[in-house]
Amino acid sequence: MTTQALPRPASVSNAASRTRPARGARAALQGASLALGLLCWHLATQHRLNLGVITFENVPTPAETLRAAWSLLQSPKLAHHLTSSLSRVGWGYASAAVLATVTGLLIGRSPWVRLGLLPPLEVLRPIPAVAWIPLAILMFPSSELSMIFITFTGAFFPILLGAIHGAESVDPRLVASARSLGASRAAVLREVVLPGAAQGIVAGLAIGMGTSWFCLVTAEMISGQFGIGYYTWESYTVQRYPNIIVGMLLIGVLGMASSALVRLAGRLVTPWLALDGSAR
Amino acid sequence: MSARDPFARPGGVALEALSVALGSGAQRFTAVRDVSVSIAPGEFVCILGPSGCGKSTLLGVLAGHIVPAGGRATLDGVRIDGPHPDRGIVFQQHTLFPWRKTLDNVAFGLKMRGVGKQERHQRGRALLERVGLADFADRYPSQLSGGMQQRAEIARAMITGPRILLMDEPFGALDAQTRSMMQALLLDVWSESRPTVVFVTHDIDEALFLADRILVMSPGPGTVIEDMRVPFARPRERGETRDLVTEPEFIAIKRHLLALLRHRQPALPAPRLSPLGDGPSSLPSTSAP
């Protein structure tokens, strides 16, 4: 991006610098808070803290977890676990992204589609991924497809809501102008509604990426031999507790990284949103 | 400038007993009642009137964004029944697409016609040069000043060679100096390709400087109460040596128009209507002259 933007009013940048600490201080603070969390975990598990309502007696220590992570890292199974999980989340997420974006734009644009589609979707939305497991097994011919379906349900609704919100926020005057310039209905959707809704869609896609990972353990409870969710769940049943935490952290890190990747891609395809001024 | 289709007819407008009702249910009201006007091809017409007099609504009917309740509107004898690139529209607040650079915004109408990218850009650049934006082709709209945005907006509406240009207080949000520069530019562009122009304003000076003919509208419901020719020869001067605004005839006509508008002010503040017919618009209403 070129940075030829008109200068930002001084008051704005002043206000921003007053509320936001410098880059170095920010990194230090973030690192310190992570270290503090780690220390609390270590102390609670090392001393087998028992607070009555919650007990850390059976929770692995950071050191045990690190050893478990090291052995997983050296295991040939790790690659299988990763590729299985990535492909499940990938397929579920990709199909949700396409379907939810198209559906959301149509719902946001047409009152008829909204009346026709939104009520059943609103009924399905609060149903947690776990509750879908039996039906997912019954509905799909292979367990692989059932698992993809579960990650799909996780990603679908955040993306749908983002797209609906985005489409509703499109300025009707832009649509009117496009039509006066000869745009057909399809061209209005492609040239005006889709880019106009981009901010909402990208926000939905980033949240949906996280919730798709969120549902991975649930999905991989169905069956399988490989997958990080499966590894986590299996570690519980065979009482290899440190591995549970390794699996949990791996899912957390992968989810966070892929959400960041989606955000970055979103920024690259919507350069006009990063400009100063009233980009609508 | 883009060449006009030689077979296209020139842009005569006829409104016959036109009425428009806006809103629904209990909120439904008559915005325009029984307006009959005919506008010659190439004529520059200003519609003058206070907020809520239905002037923007009338523009919306001509653009094809509002369906009249009664009567009919035609362009060269063909009933207007939807938006069409033959009828370009320019809003008070620009409607450039924030996600397209200025050049692609201006060339949008050509893209919708299936014109190839190279020719699109070539004609877009020529038009940008014409309105003084040659150096800003690669900027996004939010990187332009208000006056530049309106120049790009006008260029975009002109690129397909419309028979009629509909303008809804296009310079209303600009400062006085930029506004008079924009008026001169508009007259330049208009005199080259001579589309019919219907220009909505509540600024008497602006109407007298631009128009061949002024239609004065009064609110509640909107009707045309005066249809006058503007007697000044073109080009109209607005300089230090000679200024139209200070001539006795100009002042006399201005006084007459002021009196017309003053007596027709609505008792209650009227809603600001938009050419999209969606009732009071979200734009802040500026005070009538």
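Some observations on this one:
- Screening the candidates A:LEU72, A:LEU66, A:LEU117 for the property of being of a type in the set (A, V, I, L, M, F, W, C), in contact with a Phe, Trp or Tyr (Cβ under 9 Å, 6 or more places away or on another chain), farther than 17 Å from A:TRP213 by Cα and in a helix (DSSP H, G or I) yields one hit, A:LEU72.
- Within region A:134-186, restricting attention to residues that are farther than 26 Å from A:LEU118 by Cα, within 27 Å of the chain's Cα centre (by Cα) and part of a helix (DSSP H, G or I), the residue that is farthest from the other protein chains (Cβ to nearest Cβ) is A:SER143.
- Test: B:VAL115 is aliphatic (A, V, I, L, M), away from chain A (no Cβ under 14 Å) and surrounded by 17 or more Cβ atoms within 10 Å (Cβ to Cβ): no
- Sole residue being outside any strand (DSSP E or B), buried (at least 21 other Cβ atoms within 10 Å of the Cβ), touching a residue at least 12 places away in the same chain (Cβ under 8 Å) and not charged (D, E, K, R), chosen from B:ALA184, B:ALA207: B:ALA207
- Residue among A:SER169, A:SER223 that is exposed (fewer than 15 other Cβ atoms within 10 Å of the Cβ), closer than 30 Å to B:PHE91 by Cα and in contact with a helix residue (DSSP H, G or I) (Cβ under 7 Å, 6 or more places away or on another chain): A:SER169
- The number of residues in region B:90-102 that are surrounded by 22 or more Cβ atoms within 10 Å (Cβ to Cβ), more than 8 Å from chain A (Cβ to nearest Cβ) and of a type outside the set (Ser, Thr, Tyr) comes to 4.
- Among residues of region B:23-42 that are more than 16 Å from B:ILE66 (Cα to Cα), those with a beta-carbon under 9 Å from a residue that is in a strand (DSSP E or B) and small (Gly, Ala, Ser) at least six positions away or on a different chain give the pairs B:SER36/B:ALA14; B:SER36/B:ALA17; B:SER36/B:GLY71; B:VAL37/B:ALA14; B:SER38/B:ALA14; B:ILE39/B:ALA14.
- Taken across region B:42-53, residues that are on the phi < 0 side of the Ramachandran plot, surrounded by fewer than 24 Cβ atoms within 10 Å (Cβ to Cβ), more than 14 Å from every other protein chain (Cβ to nearest Cβ) and over 18 Å from the mean Cα position of the chain (by Cα) do not occur at all.
- Checking each residue in region A:190-223 for being modelled with pLDDT under 90 and farther than 14 Å from A:LEU86 by Cα picks out A:THR218, A:MET221, A:ILE222, A:SER223.
- Restricting attention to region B:122-146 and to residues that are within 14 Å of chain A (Cβ to nearest Cβ), in a loop (DSSP other than H, G, I, E, B) and in contact (Cβ under 8 Å) with a residue 40 or more places away in the chain, the residue that is surrounded by the most Cβ atoms within 10 Å (Cβ to Cβ) turns out to be B:TYR140.
- Residue that is farthest from A:ILE159 (Cα to Cα) [pool: residues in region A:195-228 that are more than 14 Å from chain B (Cβ to nearest Cβ) and part of a loop (DSSP other than H, G, I, E, B)]: A:GLN225
- Exactly one residue out of A:ALA163, A:ALA155, A:ALA136 is aliphatic (A, V, I, L, M), closer than 30 Å to B:PHE91 by Cβ and modelled with pLDDT of 90 or more: that is A:ALA163.
- Subset of region B:59-89 (residues that are in contact with a strand residue (DSSP E or B) (Cβ under 6 Å, 6 or more places away or on another chain) and at the interface with another protein chain (Cβ under 9 Å from one of its Cβ atoms)): B:ALA63, B:ARG87, B:GLY88, B:ILE89
The values are calculated or read from the model by the stated rules, or taken from the named source; none is laboratory data. Predicted, not measured: the structure shown is a model, and the values here were computed from it. Note that each Cβ is placed from the backbone with ideal geometry, even for glycine, and that neighbours are counted across all protein chains shown.
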